Amino acid sequence: MNRVIQTESSRERQNKGYASQKRKTGSLWENHRFLKLRRPHRIWGILAFWLVAAILFVGAGRVLCYNENESMVNVKGFYQEKKNSLDVVMIGPSELYADYSPPLAWNEFGYTSYNLAISGVPGNLYISMLREVLSRQNPKLVVFNVSGFYWGDDAFSDWKSMHKWFDNTPFSLRKIDEIKRAVPKDKQEEFWWDTLTYHNNWKHPVILAKKAAINMAMTWTGTSYAKGLRTYSVSNQGAGIGQTMGMSFSQTSRQYLEELLQYCRDQNLRNVLFVSAPHQSQPSDPKVLEEIGSVVENAGYDYLNLDKQYTAMGIDPATEFIDGEHLNLHGMRKMTSYLGNYMMEHYELNPEHDSKTTERWNYCYDKTEELLQQCESDMQNGITREYYEASFYHKTKPLN
């Protein structure tokens with residue numbers, strides 16, 4: 001009897017095991033079907049995760065990206081100008097934004113202009129800058145400052161100055177193309193990814209906050225008032241007279257200049273003016289400016305050498321310079337008037353604008369003139385202060 005009961009218990013256990021195995025098999029099959037159904041959702045979840053991570057990575061780079069507020073506002077302001085609204089575009093380094101004021105030129109001559117000027121920008125970036133201009137504007141005249149071609153070959157690999165330009169331009173196929181053209185392959189990565197280049201800037205929250213505040217203020221106003229002007233309330237009292245300013249025009253410089261001239265011809269640009277700005281210091285090699293002028297004129301374009309043309313412009317070299325290379329407020333007013341008159345006489349600018357444009361530019365002139373009066377007051381009181389686009393939103397600290 002016990003034997004029979006034991007056998008039945010064994011069978012029961014076998015039956016239970018079979019049923020249990022069947023349930024497990026069924027469960028595995030159901031799980032497999034469930035996972036197959038969920039697989040697309042998992043893939044989309046993974047893709048969404050990496051997309052958010054990429055956006056945060058790029059966004060962090062934009063927040064951390066900082067090189068120079070003055071260049072940032074000049075580039076940003078250019079993109080705020082209405083398309084095909086500029087009669088003249090000026091391209092070059094700091095000599096442009098220190099020596100020429102678009103709002104003052106508007107008030108005197110009635111044409112619209114903008115200083116697309118970045119401190120220390122080398123001449124091998126001029127094509128990139130011109131491409132951006134032509135993508136948004138159809139100017140009657142393009143003016144280049146030639147100093148980007150005589151600083152020496154080292155300037156053509158000045159990555160800091162290149163960052164001032166590329167970091168502040170919007171993403172485009174042109175930007176990709178120009179970075180590949182101007183930057184060696186082993187250096188290009190730092191121009192693609194701001195986060196890699198500026199990751200240590202989190203240590204400078206005050207600087208980043210100031211940059212963000214300026215950016216938001218310009219976005220709110222929707223325009224640049226000064227149009228690329230930057231000056232200081234100071235005179236160096238002739239300290240640069242007798243000093244020497246390094247100049248050279250190498251084969252590499254010539255090559256970059258000739259490439260720019262060829263690009264201008266390829267774009268069928270008729271009115272292009274190359275200008276050498278006035279200097280207080282003496283060029284180390286006076287023939288450099290003549291050589292540059294010869295290359296420009298042989299290509300069929302105009303060259304205006306204003307170096308040492310103090311009498312013609314009415315500039316006092318002893319009192320109207322910030323340093324050996326840049327005019328101060330008083331010199332800038334005279335240079336703007338002289339250059340503006342020259343352009344009106346030699347090019348068909350024919351400035352005619354609708355009432356909205358006139359109202360907008362009149363307002364920019366009023367704002368700029370008000371700022372320059374503050375600069376004048378500082379000069380009279382012996383206070384050295386920087387004045388540029390951000391000065392409309394906050395007063396910069398004295399430098400002395």
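The relative contact order of segment 68-392 comes to 28 percent, based on Cα pairs under 8 Å that sit 6 or more residues apart. Taking a point 7 Å from the Cα of ALA312 along the Cα-to-Cβ direction, the residues of segment 344-369 with backbone N closer than 17 Å to it are 344-347. Amide H neighbours of LEU304 under 5 Å, counting only residues 5+ apart in sequence or on other chains, H built in-plane at 1.01 Å? Distant-sequence amide H within range of LEU304: PHE274, VAL275, SER276. Compared with the alpha-carbon gap, the fully stretched path from GLU259 to GLU352 is longer by 30.1 nm at 0.36 nm per residue. Full extension of the chain between THR244 and LYS187 yields a length gain of 17.2 nm, computed as 0.36 nm times the residue separation minus the alpha carbon distance.
Sequence-ordered 3J(HN,Hα) estimates for segment 239-246 from the Karplus curve with 6.51, -1.76 and 1.60 and θ = phi - 60° stand at 5, x, 5, x, 7, 10, 10, x Hz, glycine and proline given as x. Computed from point charges on the beta carbon alone (+1 for Lys and Arg, -1 for Asp and Glu), the dipole magnitude for segment 68-392 about its Cα centre is near 900 Debye. Under a 5 Å amide H cut-off, with hydrogens placed 1.01 Å from N, GLN282 pairs with GLY242, GLN243, THR244, MET245 among residues at least 5 apart or on other chains. Given their separation in residues at 0.36 nm each and the Cα-Cα distance between them, GLU290 and GLU359 gain 20.6 nm when the chain is fully extended.
Please list, in chain and number order, the residues 5+ apart from PHE321 or on another chain whose amide H is under 5 Å from its amide H, with Hs placed from the backbone. For PHE321, whose amide H was placed from the backbone, the distant partners under 5 Å are ASN236, GLN237, GLY238, ASN328.
Coordinate-derived values only; no laboratory data. Since we're looking at a predicted model, the values are computed, not measured. Neighbour counts run over all protein chains shown; Cβ positions are idealised from the backbone, glycine included.
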